[in-house]
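*Asks:* Here it is, the structure, as structure tokens.
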Amino acid sequence: MTKIANYINGTFVEPISGSYLDNVDPSTGQVYSQVPDSDERDVEKAVEAATNAFKSWSTTPAAERSNILLTIADLIEKNLDKLAMAECVDNGKPLSLARSVDIPRAATNFRYFATAILHTSSEAHFTDDLAMNYTLRQPRGVVGCISPWNLPLYLFTWKVAPAIATGNTVVAKTSELTPMTTYMLGELCSEAGLPPGVLNIVHGLGNKVGAPLVAHPAVTTISFTGGTVTGSSIAATAAPMFKKLSLECGGKNPNIIFADADMDLALETSVRAAFANQGEICLCGSRIFVERSEYDSFVKAFVEKTQQLKVGDPLDSDTNQGALVSQAHLAKVNSYVDLAQQEGGTILTGGKKPQDLPERCKDGFFLEPTVITGLDCNCRTNQEEIFGPITAIMPFDSESEVIDFANSTKYGLSGTIFTQNLDRAHRVAAKLQSGTIWINSWMLRDLRIPFGGMKHSGMGREGGAETMRFFTEPKNVCVKLNNDPNNV
Ligand code: NAD
């Protein structure tokens, strides 16, 4: 059985405690590898390695850093099959999705930031003929990167790549539920020539590894993606220590379909937005609002299309939906199937474990894609993040009503609008309280855009120039240009 190791100072090491946690394949329910149960002692070693590496890495020419990151991207692509298989077994997602989304996007993250650092510029501001001001942007030191289990390598590299590209060194912690591909990434980083200590990966639990990492006085900057409750506890630790903080947290995203929409497009995209990756994407459209005149026909077509999704062995090429990440998460998601019914909802399809799973997957953590109607938008099912294959559909009567419905949760990550009315599309987009709005699409990403959430979905934005700014400290230098005694 594979024993995953921590990656500290360029070498693979056991956790100091010598203890390990079981790592379960969600599609079979069986333990298949072991994850280090690290603690603050391992974090201390990793921070020490990152601190030592900073002096040299932060002064390494950008072109050299860029080349190493480009090599890492190449190696990720070269190892696509191995990495995709590892992501599939660790997470339960379809292998086809890991191959087409998770792993290619991880390579893209490295490639994007490797080249971005070669094209940055800085401005100078002249105060008449008296002074010139310019801004240096310098790496901030040791950065802590903490990532979740739903898109393991993709979200891990979304933080790590820009942090090291801009000259910082990193101590990173991925989710204890999906450690395998980040473990494999360590090897690729060494092969690419990344100097020891630039990236350190400590595996283990949130309270034993994540919390001490956030609280460590030598860690200047925290980039976190995960749940809103965890984000809030990280903020409580980091704020009094004046750490720079980016929090990408949960969502409960509205998907609004006006009667004038291209209904085939709205239907196809909405099914994908609801159930891709088992509904375990922070951007999933889990609340669908349909204008009343189209409501009945949309619901009927949506249910039919949902029933065509194949839930099954993630290794099968025709599987649309695999297993949920863990038994505990499945229990949480299932509890919302019960809650929705207590709240007066009707389950139109799904809500139970599929009966026709192959023998290998009999003990896996599967749930049919589930569609609920009849719920009020203020009930708990429609207010709380479920993060699974459950979606509720509700009718609306007017533009202003649906804007209120959409904005009624504490979250504000993303929103989707389907309409062919250009004016309305822009008008509603401006009124939705969400960090990203898609019009007639979903999940289209351009790495140059600032990505993140409003309200309890997070703070700070990552993406493009925003990320480069986040991971660097601006320092203003003012040069006096003449000695005119009338000017101070
Ligand atoms: P989580 O908050 O439980 O865990 C995220 C990471 O934080 C894990 O590595 C975990 O070990 C660590 N952690 C847990 N407690 C910690 C603590 N006290 N201090 C420091 N670190 C700690 O989230 P999850 O269940 O892994 O992921 C699902 C959540 O992530 C969902 O809410 C989802 O919406 C959110 N998410 C958000 C985005 C986004 O971009 N906004 C993207 C993906 C997932």
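The values are calculated or read from the model by the stated rules, or taken from the named source; none is laboratory data. All of these numbers come straight from a predicted model, not from anything done at the bench. Here the Cβ positions follow ideal geometry from the backbone for every residue, glycine too, while neighbour counts run over all protein chains shown. The area values use the complete protein model at the heavy-atom level, side chains included, leaving out ligands, DNA and RNA. Shrake-Rupley method; radii C 1.70, N 1.55, O 1.52, S 1.80 Å.
*Asks:* Can you tell me which residues in the stretch 135-179 are among the charged types (D, E, K, R), more than 13 Å from the ligand (Cβ to nearest atom) and out of contact with any Pro (no Cβ under 8 Å at 6 or more places or on another chain)?
*Replies:* Matches in the stretch 135-179: 140 only.
*Asks:* Just to be sure I understand, how many residues within the stretch 218-228 are within 24 Å of residue 181 (Cα to Cα) and near the ligand (Cβ under 8 Å from one of its atoms)?
*Replies:* Of the residues in that region, 4 qualify.
*Asks:* So residue 303 fits all but one of (1) in a helix (DSSP H, G or I); (2) more than 19 Å from residue 163 (Cβ to Cβ); (3) within 10 Å of the ligand (Cβ to nearest atom); what number is the exception?
*Replies:* Condition not satisfied by residue 303: (3).
*Asks:* Right, another one. Here's a check for you: in the stretch 8-60, which residue that is in a helix (DSSP H, G or I), open to solvent by less than 50 Å² (accessible area, probe 1.4 Å) and in contact with a His (Cβ under 8 Å, 6 or more places away or on another chain) is nearest to residue 150 (Cα to Cα)?
*Replies:* Ranking the qualifying residues of the stretch 8-60, first place goes to 43.
*Asks:* Only one of (1) open to solvent by 10 Å² or more (accessible area, probe 1.4 Å); (2) within 23 Å of residue 24 (Cβ to Cβ); (3) within 12 Å of the ligand (Cβ to nearest atom) fails for residue 215. Which number is that?
*Replies:* (2)
*Asks:* If you don't mind, there's one more thing I want to ask. Is it the case that the stretch 418-431 has a residue that's open to solvent by less than 20 Å² (accessible area, probe 1.4 Å), assigned by TED's automatic domain parsing to the domain that holds residue 267 and under 24 Å from the mean Cα position of the chain (by Cα)?
*Replies:* no
*Asks:* Restricting attention to the stretch 317-347, and to residues there that are of a type in the set (A, V, I, L, M) and surrounded by 18 or more Cβ atoms within 10 Å (Cβ to Cβ), which single residue is farthest from the chain's Cα centre (by Cα)?
*Replies:* 340
*Asks:* Criterion first (more than 11 Å from the ligand (Cβ to nearest atom), open to solvent by 20 Å² or more (accessible area, probe 1.4 Å), within 20 Å of the chain's Cα centre (by Cα) and aliphatic (A, V, I, L, M)) does residue 276 satisfy it?
*Replies:* Yes: the conditions hold for residue 276.
*Asks:* Need the failing condition index for residue 434 against (1) within 15 Å of the ligand (Cβ to nearest atom); (2) in contact with a Pro (Cβ under 6 Å, 6 or more places away or on another chain), just the number.
*Replies:* (2)
Residues are listed down the side, and each one gets a yes or a no for (1) open to solvent by less than 10 Å² (accessible area, probe 1.4 Å); (2) part of a helix (DSSP H, G or I); (3) more than 10 Å from the ligand (Cβ to nearest atom):
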| residue | (1), (2), (3) |
| --- | --- |
| 207 | no, yes, no |
| 211 | no, yes, no |
| 260 | no, no, yes |
| 267 | no, yes, yes |
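*Asks:* Now, a different point. In the stretch 241-258, how many residues are more than 20 Å from the chain's Cα centre (by Cα) and either in a helix (DSSP H, G or I) or at negative phi (or both)?
*Replies:* Total satisfying the criteria: 5.
*Asks:* For the stretch 229-246, enumerate the residues that are open to solvent by less than 10 Å² (accessible area, probe 1.4 Å) and either near the ligand (Cβ under 9 Å from one of its atoms) or basic (Lys, Arg) (or both).
*Replies:* 231, the sole residue that qualifies.
*Asks:* Could you check the stretch 376-488 for helices (runs of 4 or more DSSP H) lying wholly inside it with 3 or more residues that are without any contact (Cβ under 8 Å) to a residue 40 or more places away in the chain and not aromatic (Phe, Trp, Tyr)?
*Replies:* 399-406, 422-431
*Asks:* Return a yes/no flag: does the stretch 188-200 have any residue that is open to solvent by 10 Å² or more (accessible area, probe 1.4 Å), of a type in the set (D, E, K, R) and closer than 28 Å to residue 324 by Cα.
*Replies:* no
*Asks:* Another one. Tell me the residue from 116, 98, 131 that is of a type outside the set (D, E, K, R), in contact with a Cys (Cβ under 8 Å, 6 or more places away or on another chain) and within 29 Å of residue 474 (Cβ to Cβ), please.
*Replies:* 131
*Asks:* Filter the stretch 380-417 down to the residues that are small (Gly, Ala, Ser) and away from the ligand (no atom under 16 Å from the Cβ), then identify the one that is most open to solvent (accessible area, probe 1.4 Å).
*Replies:* Result: 400.
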